[in-house]
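The values are calculated or read from the model by the stated rules, or taken from the named source; none is laboratory data. Predicted, not measured: the structure shown is a model, and the values here were computed from it. Every residue, glycine as well, gets a Cβ built from its backbone with ideal geometry; the counts of neighbours run over all protein chains shown.
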Amino acid sequence: MVSSDRKAWEQEQRRKRIVDMAEAVFFKHGYDGATLPAIAEAAGYNKRTLYLYFKDKEDIFLAVVLRGLEGLRGALKHSLEKTAPKSSRLREMAAAFFDFSMEHPEYLDLIMAYESRYFVYHDRTASVAPDSHRERCQQASEDLARMVTAALDAWMAGGGVKSDLTAHQLMLILWGQIVGVMKILRMRERNFEAAFGIGRRALFDQFVGMVERALIL
């Protein structure tokens, strides 16, 4: 390995370590509770070293969020690739979202924080560096919306779906419903089945079935 290649490799390893350690800090304290000194201490560097790789706390936060968005995007993409009938795509995507939320709840929390703070829903006019973490998060989130919208559009185009909404509008409604249900299921993690007489996954599947029946003619 030549000297320049080794230097680039070492820099990438430091950058990755910062993101790894920052991830743990953001998972524990959330965006508002996490601080640059805490991230630097966790990574074993000083703040000056952090600034060699990231602009500020926001930039580090977005690097962590990008991991979550790419993981969720990959999970939904896989669910669509293995599904044959268009009518079952809602169930497959919902199941993938459930699994991701249960396996990576901290990522979901950070994604929600990102959506409320940084995601631009319309009329993006501000100049953002093409390969910045902010732009890559924006693109990943837009990809998620397009993926779900396209699946819904294909399902609706086949007929048999009753809705006055466009596929894009329906995507937003379903996203809100599923995120809301998942928040409730996660808040009531302990003794859920003893309290409600049904498991969390089984109740979630019942919810998805209700949504399906409400949409099918």
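Here are some notes:
- Annotation: VAL128 fulfils all but one of (1) in contact with a helix residue (DSSP H, G or I) (Cβ under 6 Å, 6 or more places away or on another chain); (2) within 22 Å of ASP32 (Cα to Cα); (3) assigned to a loop (DSSP other than H, G, I, E, B); (4) hydrophobic (A, V, I, L, M, F, W, C); the unmet one is (2).
- Residue that is farthest from ARG15 (Cα to Cα), among those in region 112-157 that are among the basic types (Lys, Arg) and in contact (Cβ under 8 Å) with a residue 12 or more places away in the chain: ARG124
- Here ALA151 fulfils each of the conditions (1) surrounded by 11 or more Cβ atoms within 10 Å (Cβ to Cβ); (2) in a loop (DSSP other than H, G, I, E, B); (3) among the small types (Gly, Ala, Ser) apart from (2).
- Test: GLY68 is in the same structural domain as ALA150 (by TED's automatic domain parsing), exposed (fewer than 14 other Cβ atoms within 10 Å of the Cβ) and part of a helix (DSSP H, G or I): no
- Filtering GLY160, GLY197 for residues that are at pLDDT below 90, out of contact with any Cys (no Cβ under 8 Å at 6 or more places or on another chain) and on the phi > 0 side of the Ramachandran plot leaves a single hit, GLY160.
- The lone criterion from (1) crowded, with 21+ Cβ neighbours inside 10 Å; (2) under 19 Å from VAL208 (Cα atoms) left unmet by ILE111 is number (2).
For every residue, the table says whether it meets (1) in a helix (DSSP H, G or I); (2) surrounded by fewer than 20 Cβ atoms within 10 Å (Cβ to Cβ); (3) touching a residue at least 40 places away in the same chain (Cβ under 8 Å); (4) not assigned by TED's automatic domain parsing to the domain that holds ASP131.
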residue: GLN11; (1), (2), (3), (4): yes, yes, yes, yes
residue: LYS16; (1), (2), (3), (4): yes, yes, no, yes
residue: ALA24; (1), (2), (3), (4): yes, yes, no, yes
residue: ALA63; (1), (2), (3), (4): yes, no, yes, no
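- Options ALA96, ALA113; residue that is at pLDDT 85 or above, touching a Ser or Thr at 6+ places or on another chain (Cβ under 6 Å) and either part of a helix (DSSP H, G or I) or acidic (Asp, Glu) (or both): ALA96
- Residue check for LEU172: surrounded by 11 or more Cβ atoms within 10 Å (Cβ to Cβ), within 25 Å of SER88 (Cβ to Cβ), under 16 Å from the mean Cα position of the chain (by Cα) and without any contact (Cβ under 8 Å) to a residue 60 or more places away in the chain: yes
- Residue in region 31-47 that is within 17 Å of the chain's Cα centre (by Cα), on the phi < 0 side of the Ramachandran plot and not assigned by TED's automatic domain parsing to the domain that holds LEU144 present: yes
- Boolean, TYR45 is surrounded by fewer than 19 Cβ atoms within 10 Å (Cβ to Cβ), over 29 Å from VAL179 (Cβ atoms) and either in contact (Cβ under 8 Å) with a residue 40 or more places away in the chain or aromatic (Phe, Trp, Tyr) (or both): yes
- Residues in region 27-55 that are hydroxyl-bearing (Ser, Thr, Tyr) and part of a loop (DSSP other than H, G, I, E, B) were compared, and the one that is farthest from LEU66 (Cα to Cα) is TYR45.
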